Amino acid sequence: MSKPSYHILITAIEAYGHINAICGFGELLARHGHKVTFAHRLKYKKLADQHGFDFIAFDEQIVGVVCDEDFSSWIDKNMEKFRKSPLDRLMNKTEEEKETSAFGIEQYRKMNEVLIPILGENSFDAIVADGLDILDCLYRATIPVVSSCSPAPLILYEKGPPAMSGYSVHSDPKLWTEFERYTADAFSNMSVIFNSLLRESGRPENHNMTRWILPPGRIGFYHYPADLDYTEFEPIEPGWHRIDCYVRSPDEGSTFELPDKLKDKPGKLIYFSLGSTASNDLLIMNKCLSVLARCGHRVIVSMGRRGDKLNLSDNMWGQEYVNQVAVIEKVDLVITHGGNNTFMETLYHGKPMIVIPWFFDQLDNAQRVVDKEIGYRVNPWEFDEDYFLNCIEKVLNDQQLQERVKKISENMRNSNSGTQAVKMIEDLISNHKKC
């Protein structure tokens, strides 16, 4: 008797990291025989098509403006603040700064509004949503709702360094307490607003900027290799389960051909990307490109939306957007901001990395690379060109480090945690249908 095929809706908060992660999760479900529908803004339909998902477009009149302007506007207004250490960013915030830090609430309200008719007018067996646990419509859904946690999983552990701090697991716990105190104060306005959403749903007002919310009675999955997980700080928040690997496929299943400009150049091949957000910081981008211009290797550059303001040296080739997964397969080293998708894609393909973290979980991944001796961390707020250049050479010439990364890659590829996760979702749906 063949197992049933279920119809599963996937969606995520409006951010490329969350969207790419949920598409990877959707591919995992599709490989196990389930029909996947991706609901989001119309501009992501091509993404759904290339993954083989059905697609439902959000009502742009409701969600378009707030998604386009909210986060990017906040980033530009706070660009200089992100060039400070994580603790310095939090200290001595004015009431006005606390108010401007309370971004995002309208996006959640609009996401809730557009999803209500989609859930009412279509028949799904379950929902998998990334970064949307706060939504009332998902909390009240009459079908199983599965939470996806696409950032690094430190936010799911009660013990250990606070999430988004970038502190080592070996650092002084007094620093952890200090960071949590400043975080609570700096984002106090945001917590008030988010707690109001929880109150409206009849849930406990327990929003915490350094931890994660998992509505009761549901299960969640996070994406991280067992070799790097924070198991030294178990137990994890109840209900969460690790998937070692659900890396998305390359764009349109394509390969990457080395550009003619780089074919006859000497040196190793490096991929440099600070992601869709940090690449907007032209000061940091140009500092990095200055070092890479004299590193003696070939460099593929993901230039970002402001790439027309960057000048690439003769040893570089780049575009605003590159087929990242296909590129990573070809290179010898990845220099990244440390966003969890790029982080996982790099590990999956067995490539060593240098992490230049900008904010959020990028800081945690950067330090995990150091603690696990699989790469180096370069802080943009204390940027030392010679140190960066030295890190490149050390990574490319450290065979033991490279072997550690390859072992992690092998373990990710051989893990059956993805299959186990799908089985848990199937059982959740089956049990729900029996009720």
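Residues of the range 359-392 that are under 16 Å from ASN340 (Cα atoms) and either part of a helix (DSSP H, G or I) or acidic (Asp, Glu) (or both): ASP361, GLN362, LEU363, ASP364, ASN365, ALA366, GLN367, ARG368, VAL369, VAL370.
Selection of strands (runs of 3 or more DSSP E) fully inside the range 1-64 by the criterion of at least 1 residues being modelled with pLDDT under 95 and buried (at least 17 other Cβ atoms within 10 Å of the Cβ) returns nothing. Within the bounds of the range 164-176, is there any residue that is touching an Asp or Glu at 6+ places or on another chain (Cβ under 7 Å) and either of a type in the set (Lys, Arg) or at pLDDT below 95 (or both)? Looking for residues that are touching an Asp or Glu at 6+ places or on another chain (Cβ under 7 Å) and either of a type in the set (Lys, Arg) or at pLDDT below 95 (or both), one finds at least one in the range 164-176, hence yes. For beta carbons closer than 9 Å, sequence separation of 6+ or different chains, a first residue in the range 284-296 that is among the charged types (D, E, K, R) and a second that is outside any helix (DSSP H, G or I), the qualifying pairs are LYS287/PHE383; ARG294/SER313; ARG294/ASN315.
Quickly run through the range 249-263 and pick out the residues that are modelled with pLDDT of 65 or more, surrounded by 13 or more Cβ atoms within 10 Å (Cβ to Cβ) and touching a helix residue (DSSP H, G or I) at 6+ places or on another chain (Cβ under 8 Å). Hits for the range 249-263 are SER249, PRO250, PHE256.
Looking at the range 264-297, which of its residues are more than 30 Å from GLU80 (Cα to Cα) and either of a type outside the set (D, E, K, R) or buried (at least 22 other Cβ atoms within 10 Å of the Cβ) (or both)? Listed by number, the residues that qualify are PRO266, GLY267, LEU269, GLY296, HIS297. Restricting attention to the range 313-322 and to residues that are crowded, with 17+ Cβ neighbours inside 10 Å and part of a loop (DSSP other than H, G, I, E, B), the residue that is nearest to the chain's Cα centre (by Cα) turns out to be VAL322.
Considering THR231, THR210, THR277, the condition of being under 19 Å from the mean Cα position of the chain (by Cα), polar (S, T, N, Q) and closer than 21 Å to LEU156 by Cα is satisfied by THR210 alone. Just one of the numbered conditions (1) of a type outside the set (A, V, I, L, M, F, W, C); (2) within 29 Å of PHE82 (Cα to Cα); (3) crowded, with 16+ Cβ neighbours inside 10 Å is not true of ASP384: (3). When ALA326 is tested against (1) at pLDDT 95 or above; (2) over 26 Å from LEU154 (Cα atoms); (3) among the aliphatic types (A, V, I, L, M), exactly one condition is not met: (1). Being on the phi > 0 side of the Ramachandran plot and assigned by TED's automatic domain parsing to the domain that holds ILE408 is a property that does not hold for GLY202. Within the range 122-140, the set of residues being crowded, with 21+ Cβ neighbours inside 10 Å, charged (D, E, K, R) and over 20 Å from the mean Cα position of the chain (by Cα) comprises just one member, ASP125.
The values are calculated or read from the model by the stated rules, or taken from the named source; none is laboratory data. This one's a predicted model, so the numbers in the text were calculated from it and none came from an experiment. All Cβ positions, glycine included, derive from the backbone under ideal geometry; neighbour counts span all protein chains shown.
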